[in-house]
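Written out below as structure tokens is the structure these notes cover.
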Amino acid sequence: MKLFPRKLVEKASAPERLVRVGCPAHNCGGRCLLIAHVQDGVITRLDTDDRPDTLAAPQLRACVRGRAYLRRQYHPDRLLYPMKRVGARGEGKFERISWDEALDTVAQQMRRVKATYGNSALFVPYGTGSHNQLNGSQTARRLMNLFGGCLGFYNSYSWGAINIATPYVYGTLQTGNQRQDWLNSKYILMWGWNPAEMRDGTNSDYFIKLARENGARVVCIDPRHSLSAASLADEWVPIRPGTDVAMMSAMAYVMITEELYDEEFVRTHCVGFDSSQMPSEGGESYADYVLGMRDGTPKTPEWAEAITAVPRETITRIAREYATCKPGVLYQGYGMQRRAYGEQVVRAGCVLAAITGNVGVPGGWASGMALQAPDGGALWNVFPLGDNPVKATIPVFLWTEAVLRGKEMTRADGIVGAEKLDNNIKLIYAVATNTLINQHANVNRSARILRDENLVEFIVVQDNFLTPTARFADIVLPTCTQFEMWGVEDCWKYGDEVLLQPKLVEPPGECKSDYRICAEIAARLGIGDAYTEGRDERAWVEWMLARYRATRFPNLPSLDEFESSNIGVYANPVTQPAIAFAAFRANPDAHRLNTPSGKIEIFSQRLHSMDNAEIPAVPKYIPEWESPFGPEAQQYPLQAVGHHTLHRVHSSHDNNDWLEEAFPQRVFINPIEAQARGIADGDSVKVYNARGAIVLPCRVTNRVMPGVVDIPEGAWWTPDENGIDRRGNINVLTSERWTPLAFATAQHTAMVQVERSQ
Ligand SMILES: Nc1nc2c(c(=O)[nH]1)N[C@H]1C(S)=C(S)[C@@H](COP(=O)(O)OP(=O)(O)OC[C@H]3O[C@@H](n4cnc5c(=O)[nH]c(N)nc54)[C@H](O)[C@@H]3O)O[C@H]1N2
Ligand SMILES: Nc1nc2c(c(=O)[nH]1)N[C@H]1C(S)=C(S)[C@@H](COP(=O)(O)OP(=O)(O)OC[C@H]3O[C@@H](n4cnc5c(=O)[nH]c(N)nc54)[C@H](O)[C@@H]3O)O[C@H]1N2
Ligand code: SF4
Ligand SMILES: [Mo]
């Protein structure tokens with residue numbers, strides 16, 4: 001297959017077909033509509049949504065990644081046939097084999113590991129490469145469950161701390177209003193939130209734009225002058241990474257001392273704000289913490305300035321604005337909870353929303369996880385996974401621990417569903433994931449662990465490309481893109497749509513869909529009929545449409561109707577945006593929250609009884625374990641953050657040449673730091689710490705604050721002969737240490753040094 005400059009079809013023998021399809025979204029934060037031009041079995045062009053645009057059901061306009069997808073679809077490096085490893089593990093040497101040999105080997109290894117160790121030694125890692133329900137890691141999960149189960153995991157790399165911390169305050173993750181309601185807001189704090197670059201539901205940036213046109217003032221708090229700060233905000237407030245809780249505490253200090261908080265709402269709907277409403281003796285109330293009654297440190301704007309690098313006047317002004325310019329939204333991005341004490345920033349943001357009385361009102365926002373009211377929005381898994389007979393689950397971020405010392409892991413290591421693990425991970429079936437190497441923390445460590453064949457004995461990887469993870473496979477299986485098979489999808493986090501992803505073209509080489517591969521392995525394991533239930537991919541799509549119809553979309557068209565009308569997407573229009581906690585606000589006694597007190601828990605008795613200084617009962621600023629304030633800053637004085645870039649969906653599209661041209665992989669560094677190191681714009685620089693080193697070009701710019709460097713996450717790890725990564729993968733520098741309460745990733749907490757490189 002040749003790569004095309006513009007037109008793939010020289011002389012068309014059939015008329016062009018225009019098909020509205022869901023974008024092969026991967027885990028990109030959005031769900032959009034594309035118009036695929038199909039001619040002679042080839043997709044020649046991708047356009048975006050052309051349907052009428054309304055506030056209740058806006059167009060699902062595609063981003064650059066969707067529009068540039070053909071460079072991935074028709075990439076010359078697509079995997080075309082199954083391969084087996086011939087060199088050492090991780091060396092990347094493979095040899096073509098037949099599908100029969102590949103699938104027989106996988107089935108035989110699954111049987112062997114099950115017989116030797118038991119089902120709990122099998123593992124399907126977190127993998128978000130495909131969300132079209134019939135492609136992706138869920139297909140392997142169904143296979144494992146029918147085979148007697150495998151070690152499970154809970155939580156995600158995305159929302160690790162926020163998923164666990166939010167319910168401690170609100171008893172639920174459904175804390176978000178439907179986004180049309182943002183138009184009722186007067187003040188919007190985009191706190192570590194960058195929806196112009198990282199899609200957080202298609203159209204979130206658009207709704208913010210409309211809210212601003214409607215008169216809302218928008219402030220962006222981020223160490224980077226992100227595209228959101230540039231294009232959506234009235235003001236950018238740079239803040240030192242990992243210190244947001246200090247600023248939030250100081251804002252609370254201003255609100256308390258100037259009596260700007262909503263006293264009535266706090267009295268009727270919250271517990272633990274001050275000593276008059278503590279659930280038990282002995283605990284420290286939030287006001288006591290903020291005023292420094294016990295530790296002798298009032299959390300004043302002056303105190304916070306020294307920590308956050310935000311001027312005290314700015315902190316004071318923003319506190320006053322947010323407390324008085326109501327209703328207001330404090331939207332928390334997820335980057336700042338992927339950090340050392342990520343739980344604290346989530347709870348501190350929720351507390352500010354609560355004490356300003358912005359909960360349960362139109363134009364307000366409760367903060368926290370913010371799954372969409374009234375029912376949580378996305379369904380995530382419509383394809384039935386079945387029950388996993390193995391009940392033990394690990395926190396997703398601790399999979400390397402389960403490889404090294406699974407048998408020693410207990411509830412103290414975050415094990416849920418059982419008291420302890422009875423196995424180490426021995427077989428990994430990795431589908432649609434780059435988390436074995438690229439996306440997990442501390443790449444050099446993961447590589448060392450995976451190279452050891454005494455630890456994980458067999459690794460199979462299913463992907464479109466020979467990714468850094470696939471290079472560690474014993475067997476590599478080539479799979480379809482979502483244009484080459486049937487699928488269906490609903491929204492990512494926000495939105496009320498179902499998108500059809502019909503098969504448009506034949507796959508190249510010998511690629512098969514993930515569903516087909518798993519079905520063929522199931523047949524070899526004697527569970528083929530149980531796996532397919534007699535359905536092919538198209539029949540499963542009909543089945544899943546029926547499930548959507550039965551749950552959130554009663555008027556959803558049938559598959560035939562979808563196809564004959566060529567609509568591509570069905571939307572539930574949002575004319576009356578749902579407001580989270582509206583009923584609780586109106587009558588807190590009749591509509592108690594699902595917390596122990598039934599109220600908003602500013603102080604958590606459950607956390608208090610854990611008696612752990614790293615898990616305080618009220619949200620506190622805790623200096624991070626790697627920070628500019630610790631001894632490590634002597635050697636590694638810069639904080640490294642890694643934003644989700646327009647170039648990629650994590651590591652997907654790293655090899656897309658159009659996107660690389662638009663958003664080249666570079667480390668962003670402030671002129672002050674560059675000058676001090678003799679670095680000029682465009683220089684090749686080395687970024688390093690004790691865990692490893694990367695070399696990549698730099699961009700010297702004021703758009704990142706001094707003391708911080710930004711290395712967009714997701715670049716493919718490409719080590720040279722000295723083990724130095726030449727592409728710029730931030731995870732070479734990140735740490736495998738997890739957060740104390742959620743056992744979640746803290747990948748954004750990393751100190752580094754930068755120098756010029758040859
Ligand atoms: N283009 C694109 N969009 C995506 C994705 C993608 O890969 N590419 N991935 C999707 C997925 S799976 C997810 S989970 C989400 C992730 O969404 P997020 O986690 O919210 O995205 P990030 O870019 O990591 O972080 C958002 C912003 O937080 C800032 N930030 C980092 N540390 C701090 C801090 O300590 N304090 C403050 N105030 N700000 C900080 C970063 O500079 C960045 O601008 O994005 C989704 N959308
Ligand atoms: N340092 C740092 N690390 C991070 C993050 C961060 O912010 N900073 N973000 C984290 C977050 S939020 C997330 S969600 C994870 C994401 O981590 P992953 O879930 O690993 O996501 P991707 O890197 O996109 O890898 C998905 C893989 O699936 C493949 N793929 C695409 N379509 C298909 C298909 O149909 N079938 C199969 N079999 N394969 C397919 C792609 O080629 C790609 O290799 O990364 C996490 N890692
Ligand atoms: S946001 Fe996601 S679904 Fe939308 S066009 Fe971009 S890649 Fe596709
Ligand atoms: Mo994510």
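The values are calculated or read from the model by the stated rules, or taken from the named source; none is laboratory data. These numbers were taken from a predicted model, which means no experiment stands behind them. Here the Cβ positions follow ideal geometry from the backbone for every residue, glycine too, while neighbour counts run over all protein chains shown. To get the accessible areas, we keep the full protein, side chains included, count just its heavy atoms, and leave off ligands, DNA and RNA. Shrake-Rupley method; radii C 1.70, N 1.55, O 1.52, S 1.80 Å.
Using C-alpha pairs below 8 Å separated by at least 6 residues, the relative contact order for the chain is 20 percent. Taken as Cα centroids, segment 224-252 and segment 55-90 sit 33 Å apart, rounded to the nearest whole angstrom. Counted by Cβ distance under 9 Å from residue 568, the other residues give a net charge of +1, where Lys and Arg count +1 and Asp and Glu count -1. Pair-distance distribution of the chain: all C-alpha pairs, bin width 20 Å, starting at 0; shares per bin in whole percent are 17, 51, 30, 2, 0. For residue 513, the residues whose modelled amide H falls within less than 5 Å of its own, excluding neighbours fewer than 5 places apart on the same chain, are 480.
Put the Cα centre of segment 108-141 next to the Cα centre of segment 467-545 and the gap is 14 Å. Nonpolar atom fraction for segment 631-756, defined as the carbon and sulfur part of the 1.4 Å probe accessible area, stands at 50 percent.
I need the fraction of alpha carbon pairs in segment 631-756 separated by more than 27 Å, rounded to a whole percent. Percent of Cα pairs beyond 27 Å in segment 631-756: 14.
Were the residues from residue 297 through residue 575 laid out at 0.36 nm apart, the gain over their Cα-Cα distance would be 95.3 nm.
Taking the protein heavy atoms of segment 225-365 in the context of the full set of protein chains, the accessible area attributed to carbon and sulfur is 50 percent at 1.4 Å.
Distance between Cα centroids, segment 296-315 to segment 409-439: provide it in whole Å. Cα centroid to Cα centroid, the span is 41 Å. Prolate is the label for segment 205-288. Its Cα gyration tensor axes, ordered a ≥ b ≥ c, give a/c of at least 1.5 and a/b above b/c.
Taking a label point 7 Å from the Cα of residue 405 along the Cα→Cβ vector, which residues of segment 730-749 have an amide N closer than 15 Å to it? Hits in segment 730-749 for residue 405 at 15 Å: 736-738. When a 1.4 Å probe is rolled over the protein heavy atoms, the share of accessible surface on segment 376-424 that falls to carbon and sulfur comes to 53 percent. Its DSSP H runs of at least 4 residues, each contributing -39,500 (n - 2.57), put the calculated 222 nm mean residue ellipticity of the chain at -7500 deg cm²/dmol, to the nearest 500. Ordering 629-638, 100-109 by mean Cβ neighbour count within 10 Å, with the highest value first, yields 100-109, 629-638. Annotation: per residue accessible area for the chain equals 34 Å², rounded to a whole number [probe 1.4 Å, protein chains only]. Each peptide among 516-525, 585-594, 451-460, 304-313 gets the average number of other Cβ atoms lying within 10 Å of its residues, and from highest to lowest they stand as 516-525, 304-313, 451-460, 585-594. Cβ-Cβ distance of residue 111 and residue 259, R₀ of 56 Å, FRET efficiency by 1/(1 + (r/R0)^6): the value works out to about 0.20. Once the C-beta distance of residue 56 and residue 86 is scaled by a Förster radius of 51 Å, the resulting FRET efficiency is 0.35 to the nearest 0.05. Along its principal axes, segment 312-412 has C-alpha extents of 53, 35, 19 angstrom, given from the largest down.
Overall form of segment 244-294: oblate. Here a/c, set by the Cα gyration tensor axes a ≥ b ≥ c, is 1.5 or more, and a/b is not larger than b/c.
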